[in-house]
Amino acid sequence: MNNRNVLYAAAFLRALATGMAGVLLGIYLATIGYAPAQIGIVVAVGLGGAATAALLVTLLGDRIGRRSTLVVLSLLSAGGGAIVAGASEFGIIAAAAFVGMVNGMGRDRSASLVIDQAILPATTTDQERTKAFAWYSVLQDAGHALGALLAVTPALSQMAFGFDETVAIRSSVGIYALLQLAVALLYTRLSIAIEIPRLVREHRMTKETRRILWKISSLFAVDSLAGGFLTTALLAFFFYEHFGASELAIGFLFFGARIANAVSHLAAAWLATRIGLVNTMVFTHIPSSLLLVTVPFAPNFAVAAVLFLLREGLVEMDVPTRQSYVMAVVHPAERTLASGVTHLVRLSCWAVAPAFAGLLMRGLSLGTPLYVGAAMKITYDVLLFVGFRKHKPPEERGGGDL
């Protein structure tokens with residue numbers, strides 16, 4: 001198995017575990033007697049652990065060694081998941097969630113992404129780099145969707161083996177830990193070729209790279225804040241309250257949305273070869289925001305669902321193109337730092353906005369976060385186009401790696 005396939009397989013299994021935890025964690029904690037406030041703390045602490053790990057990886061990952069870092073992160077996730085599955089005391093579970101970076105959000109935001117994205121460009125050519133990122137994103141989306149389906153394992157184990165509810169759900173959380181352990185084993189198969197040589201590692205970041213990172217991270221902050229107004233939980237609540245849609249209908253809607261996201265990643269790679277990475281990011285993102293604004297004005301849920309699915313078919317076309325672009329415009333020795341900085345910016349800003357979105361829903365209207373999020377995303381797109389349309393990656397200017 002070559003390095004790229006190892007990264008693909010690890011990303012899929014990690015997304016499978018994360019998708020499963022996103023559905024089960026809150027239910028599990030409630031089953032063993034935790035109050036909503038305690039559940040919220042455990043989820044927040046787990047995300048805090050992920051952010052802390054991402055910061056450490058950004059600063060130290062290349063020095064420690066990329067393969068070693070990925071293996072250790074996965075082992076910590078497996079150990080944390082195992083302790084959460086077996087413990088009952090709040091302090092122990094909270095500590096395990098932090099150290100194990102247990103993610104209750106249902107989407108992979110782990111520190112391992114920082115290293116994966118730094119390695120991936122070196123496993124392919126400049127011309128195929130965006131396609132490699134697209135397939136990585138497709139596998140993540142597939143893992144998230146299938147992981148959510150794995151949340152039925154407690155019910156299945158109760159029916160098949162006669163487990164009581166607590167034992168059934170504890171054993172299912174244990175599956176999360178086993179999946180993370182499998183990820184660790186996969187990462188041991190990475191070759192020495194993924195490492196940054198010592199002399200290259202001592203490369204000092206250029207002023208140009210600092211300027212690019214500062215500028216693009218500021219724009220990513222705007223986009224991520226906008227995304228925080230449009231989380232799955234808030235959008236599901238909007239459809240439930242505004243259109244009276246059932247949980248089943250909303251569930252199918254978001255399953256369709258994930259399928260649309262996955263297909264769009266491959267479409268983005270195809271389009272980027274024809275119009276360029278920045279153009280693909282901007283000219284697909286703006287229509288997706290305009291479609292989102294139309295959703296609250298739909299006469300019924302069916303029409304709103306169609307508009308929303310059209311939006312979902314465009315909104316994530318900037319994901320593989322964005323990742324590919326950032327890795328292309330920095331020196332190979334700077335990729336871990338660039339990946340880490342942009343990841344931390346997006347993670348922190350994404351976490352801030354939902355509280356404000358909830359206040360807007362309560363104080364103004366249910367559709368207000370959709371309008372605000374769409375306006376912020378369009379602002380981001382315009383600024384990105386103005387600021388970076390002339391700064392082309394190597395494959396668009398006829399050069400090689402920086």
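Taking the criterion of being farther than 11 Å from V114 by Cα and either in contact with a Lys or Arg (Cβ under 8 Å, 6 or more places away or on another chain) or not polar (S, T, N, Q) (or both), the residues of the stretch 63-73 that qualify are R63, I64, G65, R67, V71, V72, L73.
Screening L60 against (1) in contact (Cβ under 8 Å) with a residue 24 or more places away in the chain; (2) not in a loop (DSSP other than H, G, I, E, B) leaves a single unmet condition, (1).
Applying the set (1) at pLDDT 75 or above; (2) surrounded by fewer than 21 Cβ atoms within 10 Å (Cβ to Cβ); (3) under 21 Å from the mean Cα position of the chain (by Cα) to D223 leaves exactly one unmet item: (2).
The condition of being buried (at least 18 other Cβ atoms within 10 Å of the Cβ), touching a residue at least 40 places away in the same chain (Cβ under 8 Å) and of a type outside the set (V, I, T) does not hold for S88. Cβ-Cβ contacts under 6 Å between residues 6 or more apart (or on different chains), taken from a first residue in the stretch 272-290 that is closer than 13 Å to E316 by Cα to a second residue that is surrounded by fewer than 16 Cβ atoms within 10 Å (Cβ to Cβ) and hydrophobic (A, V, I, L, M, F, W, C), are absent.
The set of residues in the stretch 1-44 being in contact (Cβ under 8 Å) with a residue 60 or more places away in the chain, closer than 17 Å to S88 by Cβ and in a helix (DSSP H, G or I) consists of L24, L25, G26, I27, Y28, L29, T31, V42. Comparison of L314, L290, L307 shows that the only residue that is part of a helix (DSSP H, G or I) and farther than 16 Å from R258 by Cα is L290. Against the condition under 20 Å from A145 (Cβ atoms), in contact (Cβ under 8 Å) with a residue 60 or more places away in the chain and crowded, with 20+ Cβ neighbours inside 10 Å, how does L47 come out, does it pass? So L47 does not fit the description; no. Looking at the stretch 123-217, the helices (runs of 4 or more DSSP H) lying wholly inside it that each contain 1 or more residues that are in contact with a Leu (Cβ under 8 Å, 6 or more places away or on another chain) and of a type in the set (S, T, Y) sit at 129-149, 165-187. Specify the residue that is modelled with the highest pLDDT; the eligible residues are those in the stretch 83-117 that are over 27 Å from F254 (Cα atoms) and either part of a loop (DSSP other than H, G, I, E, B) or not assigned by TED's automatic domain parsing to the domain that holds L70 (or both). Within the stretch 83-117, the match that is modelled with the highest pLDDT is G100. On the basis of being of a type in the set (V, I, T), at pLDDT 85 or above and on the phi < 0 side of the Ramachandran plot, does V352 make the cut? Here the answer is no, as V352 does not meet what is asked.
Answer yes or no as to whether A338 is free of Cβ contacts under 8 Å to residues at least 60 places away in the same chain and assigned to a helix (DSSP H, G or I). Considered against the rule, which asks whether it is free of Cβ contacts under 8 Å to residues at least 60 places away in the same chain and assigned to a helix (DSSP H, G or I), A338 comes out as no.
When the stretch 324-333 is limited to residues that are at pLDDT below 85 and part of a helix (DSSP H, G or I), the one that is farthest from Q127 (Cα to Cα) turns out to be A333.
Matching residues to (1) out of contact with any Asp or Glu (no Cβ under 7 Å at 6 or more places or on another chain); (2) over 30 Å from G33 (Cα atoms); (3) surrounded by fewer than 19 Cβ atoms within 10 Å (Cβ to Cβ):
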{"site": "S137", "(1), (2), (3)": "yes, yes, no"}
{"site": "Q140", "(1), (2), (3)": "no, yes, no"}
{"site": "A148", "(1), (2), (3)": "yes, no, no"}
{"site": "F161", "(1), (2), (3)": "yes, no, yes"}
{"site": "E165", "(1), (2), (3)": "yes, no, yes"}
{"site": "I169", "(1), (2), (3)": "yes, no, no"}
{"site": "L179", "(1), (2), (3)": "yes, no, no"}
{"site": "Y187", "(1), (2), (3)": "yes, yes, no"}
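Within 20 Å of P394 (Cα to Cα), assigned by TED's automatic domain parsing to the domain that holds S348, in contact (Cβ under 8 Å) with a residue 24 or more places away in the chain and part of a helix (DSSP H, G or I) - does that describe any residue in the stretch 249-263? No.
The values are calculated or read from the model by the stated rules, or taken from the named source; none is laboratory data. Remember, it's a predicted structure, so these values are computed and weren't measured experimentally. Cβ coordinates were reconstructed from backbone atoms using ideal geometry, including for glycine residues, and neighbour counts include every protein chain displayed.
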